[in-house]
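Undergrad: Sending over a structure as structure tokens; questions will come in a sec.
Bear in mind that the values in this text are calculations on the coordinates, not laboratory data. Given the structure is predicted, the values throughout are model-derived calculations rather than measurements. Every residue, glycine as well, gets a Cβ built from its backbone with ideal geometry; the counts of neighbours run over all protein chains shown.
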Amino acid sequence: MKNSSPDTRTIAAPRDYAIPFNKPCFAGNEQAYIADAMATGHVSGDGSFTKKCNSLIESLLGVKKVMLTTSCTHALEMSAILLDIQPGDEVIIPSFTFVSTANAFVLRGAKPIFIDIRPDTLNLDETKLRQLITKRTKAVVPVHYGGVGCAMDSIEAICSEHNIAIVEDNAHGLLGKYQGRFLGTFGALATQSFHETKNFHCGEGGALLINDPKLVERAEIIREKGTDRSRFFRGQVDKYSWVDIGSSYLPSEILAAFLYAQLEKHEYIQNARKVIYDRYSKQLAEWAASTGVTLPVVPRECETAYHNFCLLLPSLEKRQALISHLKSNGILAVYHYLPLHSSTMGARFGSDPTSCPVTEDISDRLLRLPFFNDLTEREQNKVIECIKDFK
Ligand SMILES: *Cc1c(COP(=O)(O)O)cnc(C)c1O
């Protein structure tokens with residue numbers, strides 16, 4: 001039963017439910033901008049829409065350099081190459097995350113060292129970080145779960161003491177803040193996802209945020225199949241040639257045009273999500289208190305990016321029963337993540353299956369409620385009423 005519906009990618013189509021878990025929402029100008037991109041005659045990567053997306057994120061966050069990529073997974077893969085991750089290196093990753101956070105480093109031969117999470121924010125437990133560091137530790141990859149920042153002050157202090165790079169998996173956290181500073185601006189590198197389940201999307205897409213200026217030039221090369229094509233386009237070299245390892249990590253202008261239509265409406269989209277989040281919080285508070293359910297926790301030093309809204313049920317049985325109750329009312333609620341440390345792949349790295357008890361517990365009890373920009377008040381009230389019927 002536990003493995004029946006772990007992820008939105010493997011479950012029934014949204015149309016099977018009166019109220020789906022996620023619906024890809026459109027901000028308005030997607031088609032017009034795609035038509036513009038077609039009219040310019042430049043539809044491969046790095047045209048004007050890609051540049052507009054990059055500079056918008058750079059200026060909003062104050063990031064040195066942003067490069068759109070074909071996915072967050074690919075931005076993480078680029079990070080692993082940029083940090084020169086070698087076979088035998090260790091990378092510390094929360095067990096409670098999407099597989100790509102680990103896979104990107106494993107592809108370079110790294111051994112993932114799984115860290116447990118805090119029971120409140122579901123972010124990596126910074127008090128367990130120091131004890132996992134060895135001479136082989138090359139990077140730590142904090143995931144800002146749900147768009148709520150990890151304890152970056154402690155994480156930064158520990159990492160700088162040991163000269164370990166930070167790569168923020170910020171798939172959930174664009175425009176969230178920690179101690180007044182944007183998520184994605186703490187690590188040498190940070191990654192974004194523009195998959196259709198994220199706050200802003202273009203179906204499939206991502207971005208690499210580069211805060212360490214020393215990594216910019218090589219990132220351009222890795223993203224362009226290991227060639228110095230970017231220097232060629234800037235007129236810095238006569239011919240472009242093969243200078244490093246790399247791959248094809250550029251999205252086409254069609255995707256960038258779609259994405260720009262979403263990013264330019266960032267205030268509207270984030271506000272719509274805040275309204276949904278606040279309504280769930282307020283309307284479910286009393287029910288949660290009386291049924292032993294925990295609502296999301298946002299510490300004082302954090303401003304959430306409103307990526308999702310999760311309940312923590314008192315037990316696995318209660319979680320599964322609430323899923324069924326909602327399903328029978330035409331509402332789809334889902335859970336994630338299956339712990340990585342105790343997965344088939346995790347075991348191959350010799351991870352101790354008992355090393356992340358909080359992750360195991362949370363994975364059994366977490367439930368994600370329908371949450372998307374266009375969720376109407378009426379639909380949301382139906383979800384809320386249905387939940388309140390559940391004892
Ligand atoms: C969605 C997600 C990813 C992967 O993003 P893609 O753009 O689909 O590659 C990675 N990490 C986390 C935490 C995610 O939520």
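Undergrad: Please state the charge dipole magnitude for the chain, taken about the Cα centre, from unit charges on C-beta atoms (+1 on K and R, -1 on D and E), reported in debye and rounded to the nearest 20.
TA: On the way: 43 positive and 45 negative charges, 51 e Å.
That gives the chain a dipole magnitude of about 240 debye.
Undergrad: What number, rounded to the nearest 500 deg cm²/dmol, is the helix-based mean residue ellipticity at 222 nm of the chain, given -39500 (n - 2.57) per DSSP H run of at least four residues and division by all its residues?
TA: Values: 13 runs with 143 residues, N = 391.
Calculated from helices alone, the mean residue ellipticity at 222 nm is -11000 deg cm²/dmol.
Undergrad: Going by alpha carbons, how many degrees (0 to 90, nearest 10) lie between the helix axis of 377-388 and the longest principal axis of the chain?
TA: Computed tilt is about 50 degrees.
Undergrad: With a ≥ b ≥ c taken as the square roots of the eigenvalues of the C-alpha gyration tensor of the chain, please select rounded if a/c is under 1.5 and otherwise prolate if a/b is larger than b/c or oblate if it is not?
TA: Details: a/c = 1.94, a/b = 1.27, b/c = 1.53.
Oblate shape, in that a/c is at least 1.5 and b/c is the bigger or equal ratio.
Undergrad: Consider just the alpha-carbon atoms of the range 266-389 and return their Rg together with their Dmax, both in angstrom.
TA: That works out to 16.1, 49 Å for Rg and Dmax.
Undergrad: Can you return the aspartates and glutamates within cross-link range of LYS274? Criterion is Cα-Cα under 17 Å, with same-chain partners fewer than 8 residues away left out.
TA: Straight-distance partners of LYS274: GLU303, ASP374, GLU377, GLU379.
Undergrad: Let me ask something additional. Run down the lysines and flag those whose C-alpha is under 19 Å from the C-alpha of LYS327, throwing out any fewer than 8 positions away in its chain.
TA: LYS2, LYS23, LYS318, LYS382, LYS388, LYS391
Undergrad: Could you work out how far helix 48-61 tilts from the main Cα principal axis of the chain, as a 0 to 90 degree angle to the nearest 10?
TA: The two axes meet at around 60 degrees.
Undergrad: Provide Rg and Dmax in Å for the range 30-263, with only Cα atoms included in the calculation.
TA: 17.5, 56
Undergrad: I would also like to ask the following. Between the range 284-335 and the range 13-62, what is the separation of their alpha carbon centroids in Å?
TA: 30 Å
Undergrad: Ok, one more. Expressed as an acute angle from 0 to 90° and rounded to the nearest 10, what is the orientation of the C-alpha long axis of helix 30-40 relative to the principal long axis of the chain?
TA: It is inclined by approximately 10 degrees.
Undergrad: Given axes a ≥ b ≥ c from the Cα gyration tensor, I'd like to know whether the range 245-307 is rounded (a/c under 1.5), prolate (a/b larger than b/c) or oblate.
TA: Details: a/c = 3.30, a/b = 2.25, b/c = 1.46.
Prolate, since a/c reaches 1.5 and a/b exceeds b/c.
Undergrad: Now, a different point. At a 10 angstrom cut-off on C-beta neighbours, averaged per residue, how do the peptides 74-85, 50-61, 137-148, 170-181 rank from highest to lowest?
TA: 137-148, 74-85, 170-181, 50-61
Undergrad: List the GluC sites (Glu not before Pro) in the range 222-318 that DSSP assigns to loop (not H, G, I, E or B) and whose Cβ has at most 15 other Cβ atoms within 10 Å. Which are they? Each step should come with its number before you reach the end.
TA: On the way: sites: GLU224, GLU253, GLU264, GLU267, GLU286, GLU301, GLU303, GLU317; in loops: GLU264, GLU301.
Passing sites in the range 222-318 are GLU301.
Undergrad: So what is the relative contact order for the chain, in percent, with contacts set as C-alpha pairs under 8 Å and at least six apart?
TA: 23 percent
Undergrad: If you don't mind, another one. When each pair of different Cα atoms in the range 42-155 is counted once in the 1/r mean, what is the Kirkwood radius in angstroms, to one decimal? Intermediate values should be presented prior to the final figure.
TA: On the way: mean 1/r = 0.0641 Å⁻¹.
Final number for the Kirkwood radius of the range 42-155 is 15.6 Å.
Undergrad: Using 0.36 nm per residue, how much length does the chain from ASP374 to LEU56 gain when fully extended, once their Cα-Cα distance is taken away? Provide the component values of the computation, followed by the final result.
TA: Values: separation 318, 0.36 × 318 = 114.48 nm, distance 2.35 nm.
Extra length available between ASP374 and LEU56 comes to 112.1 nm.
Undergrad: Note down the net charge around PHE233, summing +1 for each Lys or Arg and -1 for each Asp or Glu among other residues with Cβ under 11 Å from its Cβ.
TA: Values: positive: ARG229, ARG231, ARG234; negative: ASP46, GLU220, GLU224, ASP228.
Charge balance in the 11 Å sphere: -1.
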